[in-house]
Amino acid sequence: MKKLFYPWVMIIFITTSACSQSTNDNEEAPDFQSKLGIRNTLQGPIQKPTSGYGADGNYEVAEIDFNNPQYTGTQVSIFYPKGITSPRPTIFFSHPFGGEDKEYNIELYNFIAKKGYVVVFVPYRTVDISVDHRYQTLWEGFIKAATDYPNIIDTQKVGFMGHSFGGGASIDLAYKAFTGKGWGQNGRFLFTMAPWYSFNWNSTLTTQQQLQSFPSNTKMITQVYDEDDINDHRMAIDIFKNINISNAEKDFIYIKSSTVNGYNYVTDHTMPSSRKVFDALDYYGVYRLLDAMMDYSFNGNAGAKNVALGNGSAAQVTMPSYNGQAMAPLEVTDNPTPKYLQIKYQFPCGSSTNPRISYCN
């Protein structure tokens, strides 16, 4: 079993990373809870798109919760379009450290369900006995959801999405689901955001062997955020360059901060998160691309590919404006290189904790 890093490193991460703020802060909860699911406006001058990719769907959101197989006292949540009569393509979401409460990214889950798809959220312990057990917790929650609710979850069309620790974990979990379970035969993708180290659990293969043998129909978006000082971008670059997905079916997306009408759109490690701030970066930088990726992967829509995996197309990189002030466009590449030294990050790629240290650029 692979232990996590030394206790002092865990303490640093929990106390300094905005991603790992406690989601059980009773002083904040009432105000935060009152906003969930009912917010029609975004912080800052730029509001939600009203049409096209990134616009809210027309479905109402329904939810099923059941006991988490590997984390006593918590529940796995399935968000799905209310009133569906057949299973729908499903996103399996792996949260960051500290994101154990579903409200941490509730707006993302609601967005997916409103668009007509399903999303499964599995909480794992932030302070746990090992990386292995976190992966096992996510895996068993995903499997139970798919097994117990086949009338809701279509395992032939699936995406694995994750942020930070969950971004790193999504690689191994997706590989196991795609190759061991046969999930995603009619559509499969990865969507990782500011990923942490990528381990593998309960496997005879190395992480490199897994990456080199991903199914050929897998598609991928990898995102990193300019002001992130938690996870070294080299971890994302490593996976992106080594995974067996053609450049035509994957894009590396670099999102930069902007100031519009005096409002700062900040691309730090918490992006996206409806807990700390909820603004146009969430909708235009993340939800819009995810929306298009789902349409392309699950429905084969070529126009959707131009938005999700446009290789730098105007439809992909253009961000919205307000009173003539535009947000910084997305940077898209198939050959990413790091912009900052490793010393910037709390978790550098060159750390001995990283099982893929030899692949750091």
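Annotations for the structure displayed:
- Some residue of region 348-358 being open to solvent by less than 10 Å² (accessible area, probe 1.4 Å), over 26 Å from F199 (Cα atoms) and in contact with a helix residue (DSSP H, G or I) (Cβ under 9 Å, 6 or more places away or on another chain): no
- The set of residues in region 169-213 that are among the aliphatic types (A, V, I, L, M) and not in a loop (DSSP other than H, G, I, E, B) comprises A169, I171, L173, A174, A177, L190, M193, L211.
- Of all residues assigned to region 239-252, none qualifies as being among the charged types (D, E, K, R), open to solvent by less than 30 Å² (accessible area, probe 1.4 Å), in contact with a Gly (Cβ under 9 Å, 6 or more places away or on another chain) and closer than 20 Å to Y197 by Cβ.
- Residue match in region 11-24 (condition: at pLDDT 95 or above and of a type in the set (F, W, Y)): no
- Residues located in region 183-204, provided they are more than 16 Å from V131 (Cβ to Cβ) and surrounded by fewer than 19 Cβ atoms within 10 Å (Cβ to Cβ): Q185, N186, T204
- Of all residues in region 284-313 being of a type outside the set (A, V, I, L, M), out of contact with any strand residue (DSSP E or B) (no Cβ under 7 Å at 6 or more places or on another chain) and open to solvent by less than 10 Å² (accessible area, probe 1.4 Å), the one that is farthest from G52 (Cα to Cα): Y287
- Once region 133-170 is narrowed to residues that are open to solvent by 10 Å² or more (accessible area, probe 1.4 Å) and farther than 25 Å from A62 by Cα, the residue that is nearest to the chain's Cα centre (by Cα) is Q136.
- Residues satisfying the criterion are absent from region 59-78 (criterion: under 17 Å from S170 (Cα atoms), without any contact (Cβ under 8 Å) to a residue 60 or more places away in the chain and surrounded by fewer than 23 Cβ atoms within 10 Å (Cβ to Cβ)).
- Region 100-138, subset part of a helix (DSSP H, G or I) and hydroxyl-bearing (S, T, Y), residue farthest from G73 (Cα to Cα): Y109
- Count of region 319-334 residues, restricted to those that are in contact (Cβ under 8 Å) with a residue 12 or more places away in the chain and either open to solvent by 30 Å² or more (accessible area, probe 1.4 Å) or among the charged types (D, E, K, R) (or both), is 10.
- Among the residues of region 81-96, at least one is over 13 Å from the mean Cα position of the chain (by Cα), in a strand (DSSP E or B) and within 13 Å of F142 (Cα to Cα).
- Condition broken by K339, with the remaining ones in (1) open to solvent by 50 Å² or more (accessible area, probe 1.4 Å); (2) more than 26 Å from I243 (Cα to Cα); (3) among the charged types (D, E, K, R) satisfied: (2)
The values are calculated or read from the model by the stated rules, or taken from the named source; none is laboratory data. This is a predicted model, so every value here is computed, not measured. Ideal geometry is used to build each Cβ from the backbone, glycine not excepted, and the neighbour counts take in all protein chains shown. Side chains included, ligands, DNA and RNA excluded: accessible areas come from the protein's heavy atoms. Shrake-Rupley method; radii C 1.70, N 1.55, O 1.52, S 1.80 Å.
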